[in-house]
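Peer 1: Below you'll find the structure I mean.
No value in this document is a laboratory result; all are computed from the given coordinates. Small disclaimer: the values here were computed from a predicted structure and weren't measured.
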């Protein structure tokens, strides 16, 4: 079976691991997944990430972040643009997630960035997901 949406798989693995209160989650690596992990780390949703070059394929390992009373920092991960229905947004139309409490992750001509960064850089792009 081939995986048709690796980004949705990544988000589902993170969602499942945080609900089960796992410290880490491992998944197949790609450049786009590493960029999403970088943004999640910069925005404080995960503690850290690393790419392990074990065997034939690289593996992306994420260290999840929890509050002091062991509640996951990530409460919601939702895939917006899907392979069957791509969602693009112009700079002026990039939506705010939870009135600025959450983030949207976009792929733009200037690379993968948050909605806030895309507004600042004056670019639009494909809305990959919302995180809060």
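Peer 1: With a cut-off of 8 Å between alpha carbons and a minimum separation of six or more residues, what is the relative contact order of the range 36-93 in percent?
Peer 2: After rounding, I find 21 percent.
Peer 1: Still on this structure: Hey, what did the range 47-132 get for relative contact order, percent, Cα under 8 Å, at least 6 apart?
Peer 2: 29 percent
Peer 1: Also, I was wondering about something else. Would you calculate, for the chain, the mean residue ellipticity at 222 nm contributed by helices, counting each DSSP H stretch of 4 or more residues as -39,500 (n - 2.57) and dividing by all residues, to the nearest 500?
Peer 2: That comes out to -7500 deg cm²/dmol.
Peer 1: Below 8 Å between Cα atoms, with a sequence gap of 6+, how large is the relative contact order for the range 6-64 in percent?
Peer 2: 36 percent
Peer 1: Ok, one more. Could you state the angle between the C-alpha long axis of helix 31-42 and the longest principal axis of the C-alpha atoms of the chain, as a value from 0 to 90 degrees rounded to the nearest 10?
Peer 2: Once rounded, the angle reads 90 degrees.
Peer 1: Please give the helix 6-19 orientation as an angle from the longest Cα principal axis of the chain, in degrees from 0 to 90, rounded to the nearest 10.
Peer 2: For helix 6-19, the angle is close to 60 degrees.
Peer 1: Rounded, prolate or oblate: which fits the range 77-131 when a ≥ b ≥ c are the square roots of the eigenvalues of the alpha-carbon gyration tensor, with rounded for a/c under 1.5 and prolate only if a/b beats b/c?
Peer 2: Oblate is the answer for the range 77-131, as a/c is 1.5 or above yet b/c matches or exceeds a/b.
Peer 1: Specify whether the C-alpha gyration tensor of the chain places it in the rounded, prolate or oblate class, a ≥ b ≥ c being the square roots of the eigenvalues: rounded for a/c under 1.5, otherwise prolate if a/b is larger than b/c and oblate if not.
Peer 2: oblate
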